[in-house]
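Here's the structure, in structure tokens; my notes come after.
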Amino acid sequence: KTIGMIVAVEIKAVLDRYGSQLEEKNVAGYRILEYKTDKYNLVIAKCGAGEIAAAGCTQFIISEYKPDMIINFGVVGGLTAEMAKTKTCVVEKVVHYDFDTSAVDNWEVGRYAEYPDPYIPTNSDLLHKAIAINPELMPVICASADKFIADPQLKANLNKQFGAHICEMEAAGIVLICNRNN
């Protein structure tokens with residue numbers, strides 16, 4: 001199996017975990033780190049911050065390495081009191097809250113044409129497997145856009161409008177590209 005891991009900026013945590021066991025190379029402008037075991041090949045790509053960088057990197061990893069799954073690794077912001085604490089979660093669906101075509105199609109903010117609502121679903125099989133392995137993982141909705149959200153009122157608005165628990169800047173690009181590539 002090949003697992004692709006997209007890392008926006010938190011590459012130090014990956015290096016701390018795998019360190020000297022990683023083979024490093026630069027391919028097509030991406031820093032690629034590979035970790036190989038008898039069971040899997042982990043291909044880690046540092047994409048840089050933001051939806052566009054993450055989407056491009058995700059498509060590159062899919063096209064170049066043909067992974068069985070993609071993992072988005074990074075730090076997120078909590079939009080609720082519970083998620084503002086350090087907690088590991090698994091994303092059930094993502095809303096790209098900065099995507100807005102409502103002026104031409106009257107659809108709700110965040111909605112892409114291939115989905116019935118503003119939520120881009122993650123792979124439900126992988127979600128259920130992750131929870132089976134670690135039942136303490138909380139399934140969450142992630143609000144994603146190219147904005148760093150620090151204002152408490154903006155956090156509250158994202159939670160109220162979309163039911164989002166966390167926010168970050170890459171998930172919508174990653175999940176959208178993964179879904180389009182099956």
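The values are calculated or read from the model by the stated rules, or taken from the named source; none is laboratory data. Since we're looking at a predicted model, the values are computed, not measured. Every residue, glycine among them, receives a Cβ derived from its backbone with ideal geometry; neighbour counts consider all protein chains shown. The area values use the complete protein model at the heavy-atom level, side chains included, leaving out ligands, DNA and RNA. Shrake-Rupley method; radii C 1.70, N 1.55, O 1.52, S 1.80 Å.
When the residues of segment 61-88 are filtered to those that are β-branched (Val, Ile, Thr) and touching a residue at least 12 places away in the same chain (Cβ under 8 Å), which remaining residue is least open to solvent (accessible area, probe 1.4 Å)?
Going residue by residue through segment 61-88, those that are β-branched (Val, Ile, Thr) are 61-62, 70-71, 75-76, 80, 86, 88.
Narrowing the set further to residues that are touching a residue at least 12 places away in the same chain (Cβ under 8 Å) leaves 61-62, 70-71, 75-76, 80, 88.
Working: Ile61: 0, Ile62: 28, Ile70: 36, Ile71: 64, Val75: 109, Val76: 63, Thr80: 36, Thr88: 98 Å².
So the residue we want is Ile61.
Taking the condition touching a helix residue (DSSP H, G or I) at 6+ places or on another chain (Cβ under 9 Å) and aliphatic (A, V, I, L, M), does Ala81 pass? Spell out how you get there, then give the answer.
Details: touching a helix residue (DSSP H, G or I) at 6+ places or on another chain (Cβ under 9 Å): no; aliphatic (A, V, I, L, M): yes.
No; evaluated as a whole, the condition is false for this residue.
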| Within segment 32-60, can you find the residues that are open to solvent by 20 Å² or more (accessible area, probe 1.4 Å), under 17 Å from Glu170 (Cβ atoms) and either in contact with a Leu (Cβ under 9 Å, 6 or more places away or on another chain) or in a helix (DSSP H, G or I) (or both)? | Lys46, Ile52, Ala53, Ala55, Gly56, Gln59, Phe60
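Looking only at residues in segment 111-148 that are of a type in the set (D, E, K, R) and farther than 17 Å from Arg180 by Cβ, which one is nearest to the chain's Cα centre (by Cα)? Let's see the steps before the verdict.
Just the residues of segment 111-148 that are of a type in the set (D, E, K, R), to begin with: 111, 114, 117, 125, 129, 136, 146-147.
Next cut, farther than 17 Å from Arg180 by Cβ only: 117, 125, 129, 136, 146-147.
Numbers: Asp117: 19, Asp125: 16, Lys129: 17, Glu136: 19, Asp146: 13, Lys147: 15 Å.
Among them, the one singled out is Asp146.
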| task | Could you tell me whether segment 92-106 includes any residue that is in contact with a helix residue (DSSP H, G or I) (Cβ under 7 Å, 6 or more places away or on another chain) and open to solvent by 40 Å² or more (accessible area, probe 1.4 Å)? | result | yes
| request: Select from segment 110-169 the residues that are in a loop (DSSP other than H, G, I, E, B), of a type in the set (Val, Ile, Thr) and surrounded by fewer than 21 Cβ atoms within 10 Å (Cβ to Cβ) and list them in ascending order. | output: Ile149
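Just the residues that are β-branched (Val, Ile, Thr) and at pLDDT 90 or above, please, taken from segment 1-37.
Restricting attention to segment 1-37, the residues satisfying the condition of being β-branched (Val, Ile, Thr) are 2-3, 6-7, 9, 11, 14, 27, 32, 37.
Passing the criteria: Thr2, Ile3, Ile6, Val7, Ile32.
Within the group Gly19, Gly29, which residue is open to solvent by 40 Å² or more (accessible area, probe 1.4 Å) and free of Cβ contacts under 8 Å to residues at least 12 places away in the same chain? So that I can check it myself, show each step before the final result.
On the way: Gly19 fails: open to solvent by 40 Å² or more (accessible area, probe 1.4 Å).
Sole residue among the options that is open to solvent by 40 Å² or more (accessible area, probe 1.4 Å) and free of Cβ contacts under 8 Å to residues at least 12 places away in the same chain: Gly29.
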